[in-house]
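Accompanying notes for the structure given below.
The values are calculated or read from the model by the stated rules, or taken from the named source; none is laboratory data. Being a predicted model, the structure only gives us computed values, none of them experimental. No Cβ is skipped: glycine too gets one built from the backbone with ideal geometry, and neighbour counts run over all protein chains shown.
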Amino acid sequence: MPTGTQYQSYRQDNCCGGTYQHSQNASSGGQIGTKDLSIIQDEMHSEALLYKKCAVYAGYFSDGQLKNVASTAAEHHRSHFETLNNYLNSANGGAGI
């Protein structure tokens, strides 16, 4: 399971101008186009940022219900990030982010 460090590493390495080499679409064997890859990168950046924000907010709240809502939201965004990352891993032949 990815940690906060992996999300931070992703943001530094891939969100701000990083590129992927020759990715292939896992389901059809075709290539992921540059525009599609850019969209996926943007979504991964958004999910990583939302995860981090929700996790920080969960730490700020003293009310148990609010802490639970923020923690649940953080896990929701981490799940989305992992789904996108797994897709890219399979499309990239396991090369990862």
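A quick yes/no check of all residues on (1) outside any helix (DSSP H, G or I); (2) at pLDDT 80 or above; (3) touching a Gly at 6+ places or on another chain (Cβ under 6 Å):
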| site | (1), (2), (3) |
| --- | --- |
| PRO2 | yes, no, no |
| GLN12 | no, no, no |
| SER38 | no, yes, no |
| ALA55 | no, yes, no |
| GLY96 | yes, no, no |
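Determine which member of the set ASN89, ASN68 is surrounded by 12 or more Cβ atoms within 10 Å (Cβ to Cβ), out of contact with any strand residue (DSSP E or B) (no Cβ under 7 Å at 6 or more places or on another chain) and modelled with pLDDT of 95 or more.
Working: ASN89 fails: modelled with pLDDT of 95 or more.
ASN68 is the lone residue from the list that is surrounded by 12 or more Cβ atoms within 10 Å (Cβ to Cβ), out of contact with any strand residue (DSSP E or B) (no Cβ under 7 Å at 6 or more places or on another chain) and modelled with pLDDT of 95 or more.
Do any residues in the stretch 66-77 that are within 8 Å of ALA55 (Cα to Cα) and without any contact (Cβ under 8 Å) to a residue 60 or more places away in the chain have Cβ atoms under 8 Å from those of residues that are surrounded by 15 or more Cβ atoms within 10 Å (Cβ to Cβ) and small (Gly, Ala, Ser), where the two are at least six apart or on different chains, and which pairs are they?
What qualifies is ALA70/ALA55; ALA70/ALA58; SER71/ALA55; SER71/ALA58; ALA74/ALA55; ALA74/ALA58.
Check off (1) in contact (Cβ under 8 Å) with a residue 60 or more places away in the chain; (2) of a type in the set (Phe, Trp, Tyr); (3) farther than 23 Å from ILE32 by Cβ for TYR87 and give me the number that stays unchecked.
Going through the list (1) in contact (Cβ under 8 Å) with a residue 60 or more places away in the chain; (2) of a type in the set (Phe, Trp, Tyr); (3) farther than 23 Å from ILE32 by Cβ, TYR87 breaks only (3).
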